[in-house]
Amino acid sequence: MASNSGKGGADYDGGRTTGFASPAGDAIEGPIDLGEVLDLRRPHRYPVRVLGDALRERGIHPGDILIADAAAPPADGRVCIAMVHGDVWVCQIAYKRGQWWLRPASGAREPLPVVAEDDIEVWAVVAALVRTEV
Amino acid sequence: MPATYGLIDGNSFYCSAERAFAPGLRRVPLIVLSNNDGCAIARSAEAKALGVRMGDPWHLIRHRPGMDSVHWQSSNYPLYADMSRRFYQVVAGMVPRVEPYSIDEFFLDLDLPGDLHALCTALRAEVLRVAKIPTCLGWGPTKTIAKLANHLAKRHPELGGLCDLRSPELRAAWYARLSVGEVWGIGGRTAEKLRRLGVGTIADFVALDARDARDLLTVVGARVQLELRGVSCLPLAMMAAPRQGAAVTRSFGRPVTRWAEMREAVAAFAHRAAEKLRAEGLVAGHLTVFLHTNPHNGDPWHSGQRAARIEPTADSGALIGEALRLLRSLWQPGYRYAKAGVMLNDLRPEAGQPRMLFPTRDPVRSARVMAAMDAVNARHSAGTLRPLATGLARPWAARAARLSPRYTTRLEEILVARAW
Ligand SMILES: [Mg+2]
């Protein structure tokens, strides 16, 4: 005997009813899958957690989950995940004078040229943001 | 059959997966240790240069000169599995037919139009950019030659990570220089046997009369010889063969001396083996349990093994019950047990099982309970729901003192980036 108890109702989708047949039975679409929306099953998508509030003016808060895209080409003004001297940063990227720079959010710091020999690498470009507490 | 096979292989795959998320590990000699933080199972190029060999027990080599610069990590299989998935998806996006041969090796059908060298260069670059794994890629007219080409690309950095062995002249030149033991499918003992007969290089082996090769090394050896001659005998297998058995065996983090702990451990192994069966829609008709001590610790050797035919099932509760019944007959107190395991055999599809005349379980109810448990564990994380018999504290669990975060499979453990 089929039963809907004990599974938190996970097995009733709005379609199969016991008394009156559901008029929506042929129109079940299921809930929205954010993994699909954010393309998380693709090999180039990586989730990254933000630490610190240097990018608050850019709308990126501490604790935010960024969806980084390792296949997206960098573009002037985008936010990226960078590996810098053994640390992991999230910062803005700029193209100036024929090369890429990591641009600090604060004017108190100098931009850093992206040079592999200096142990600086753009790892992925930030494509989306998830904030679970608003 | 394809005219050209390729093999792409992740360099020091576990180390590379660790380094993808931990740039601080990129410049240090790095090794990954086996279960229980025991032996080196992956070594970065720097660690290899320092003389760390595959399988070296870390506690024995750590005091050697130069080893204080070596950084070790516990093995993080959830991470490696997910990075393997990314690696495969990138490859399969660029090459239509791919065989997943191992966690970090994929055979390719390279019967493709265009410049193969350019394609392989692009493939390596894309795997590195997207899946963050450096690789080597070799190709030739057979799988055995592709495997050898890959090995050469790995061992000779001057090749730039690529090795094309399609040309018979080029192959002949390498064959004359390489020991037959370097060939995929020729083990150390076979190579030694051949060497005693004056067959030292691959060239010597390829030149053997085919009948002699078969007499010496059976059909398997004859097939290796044909493949080395450029005659393809091994087709691409796009999917793994059906599972023959499901085994879950573990070394304990510390010796197990108490019945309660052993019972929990074996219940946990039986539960995990049952999960493997259910993931593939199989049931098992035969179950084996074993346990033993570790004489290398100075403990007296003691071992036991029992097997039994069972009513075919994939039910965790039923398999735990059968495993514990066998375990009880094996258990001898007074020993310090180092390892135990559960093996399930006689596997068959769950569907189409004949109805037992007098089943001891309600198969419908069992399937529903198991499906519900598996669904919760898939949606949340493995082990969220499990039979209580498998223990809560699990003091017998393997040591993993330096486990990196599961960067890509657990939201609480994802990569952290400092805003700058
Ligand atoms: Mg490898």
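Only the coordinates and a few stated rules stand behind these numbers; no lab work does. As the structure is a computational prediction, the values presented were derived from the model and not from experiment. Counting neighbours? That spans all protein chains shown, and the Cβs are built from the backbone with ideal geometry, glycine included.
A few notes on this one:
- The GluC sites (Glu not before Pro) of the range A:83-134 that DSSP puts in a loop, and whose beta carbon has at most 14 other beta carbons within 10 Å, are A:Glu133.
- Mean residue ellipticity, 222 nm, helices only, chain B: the sum of -39500 (n - 2.57) across DSSP H runs of n ≥ 4, divided by residue count and rounded to 500, is -11500 deg cm²/dmol.
- C-alpha long axis of helix B:77-94 to longest principal axis of chain B, angle in °: 40
- Spatial offset of the range B:35-72 relative to the range B:183-234 amounts to 33 Å, using the alpha carbon center of each.
- Under 22 Å from A:Lys96, Cα to Cα: lysines that are on another chain or at least 8 residues apart: none
- For the range A:41-99, the relative contact order is 26 percent, taking Cα pairs closer than 8 Å that sit 6 or more residues apart in sequence and dividing their mean separation by the residue count.
- Approximate spin-label separation B:Leu392-B:Gln305, in nm, with each point projected 7 Å along Cα-to-Cβ: 3.6
- Close amide-amide hydrogen proximity is noted between B:Leu178 and B:Ile202, B:Ala203, each under 5 Å apart and 5 or more residues distant or on a separate chain (H modeled in the peptide plane; Pro and chain starts excluded).
- In chain B, the longest principal axis of the Cα atoms and the axis of helix B:259-279 are about 60 degrees apart.
- The residues packed around A:His85, meaning those with a beta-carbon under 9 Å from its beta-carbon, carry a net charge of -3 if Lys and Arg are +1 and Asp and Glu are -1.
- Taking chain B and dividing mean pair separation by its residue count, relative contact order in percent (alpha carbons under 8 Å, at least six apart): 16
- The trypsin sites (Lys or Arg not before Pro) of the range B:1-81 that DSSP puts in a loop, and whose beta carbon has at most 11 other beta carbons within 10 Å, are B:Arg53.
- Max mean-square fluctuation residue, GNM over chain B, Cα-Cα springs under 10 Å, options B:Pro242, B:Pro141, B:Pro100: B:Pro242
- Inter-probe distance in nm under a simple model that places probes 7 Å from Cα toward Cβ, at A:Ile65 and B:Asp115: 4.3
- Peptides A:83-91, B:163-171 ordered by packing proxy, namely the average of other Cβ atoms within 10 Å per residue, highest first: A:83-91, B:163-171.
- Full-extension gain in nm, B:Ser167 to B:Thr249, via 0.36 nm per residue minus C-alpha separation: 25.0 nm
- Computing FRET efficiency as 1/(1 + (r/R0)^6) for B:Trp259 and B:His296, where r is the C-beta to C-beta distance and R0 is 22 Å, gives about 0.35.
- The amide H of B:Cys39, built 1.01 Å from its N in the peptide plane, has B:Ser34, B:Trp58 as neighbours under 5 Å, considering only residues 5 or more places off or on other chains.
- For the range B:165-180, the Karplus equation 6.51 cos²θ - 1.76 cosθ + 1.60, evaluated at θ = phi - 60°, returns couplings of 10, 6, 7, x, 5, 5, 4, 4, 5, 5, 4, 5, 9, 9, 6, 4 Hz by residue, with Gly and Pro reported as x.
- Residue-wise HN-Hα coupling along the range A:52-63, computed from phi with Karplus coefficients 6.51, -1.76, 1.60 (Hz; x: Gly, Pro): x, 10, 4, 9, 4, 5, 8, x, 10, 9, x, x
- Under 17 Å from the Cα of B:Lys339 - aspartates and glutamates, other chains or at least 8 residues apart: B:Asp37, B:Glu261, B:Glu264, B:Asp299
- Computed label-point distance, nm, for sites B:His286 and B:Trp331 using a 7 Å Cα→Cβ extension: 2.7
- Sequence-separation-based contact order of the range B:246-390, relative, with Cα cut under 8 Å and 6+ spacing, percent: 35
- In order along the range B:109-125, the Karplus-derived 3J(HN,Hα) couplings, from 6.51 cos²θ - 1.76 cosθ + 1.60 at θ = phi - 60°, round to 8, 9, 6, 10, x, x, 7, 5, 4, 5, 4, 5, 4, 5, 5, 4, 5 Hz, and Gly and Pro are given as x.
- Net length available on complete extension from A:Arg97 to A:Asp39 is 17.5 nm, with 0.36 nm assigned per residue and the Cα-Cα distance removed.
- In the protein assembly as shown, the DSSP beta bridges split such that about 85 percent are antiparallel, to the nearest 5.
- A Förster radius of 41 Å, combined with the Cβ-Cβ distance separating B:Leu236 from A:Ser22, puts the computed FRET efficiency at roughly 0.30.
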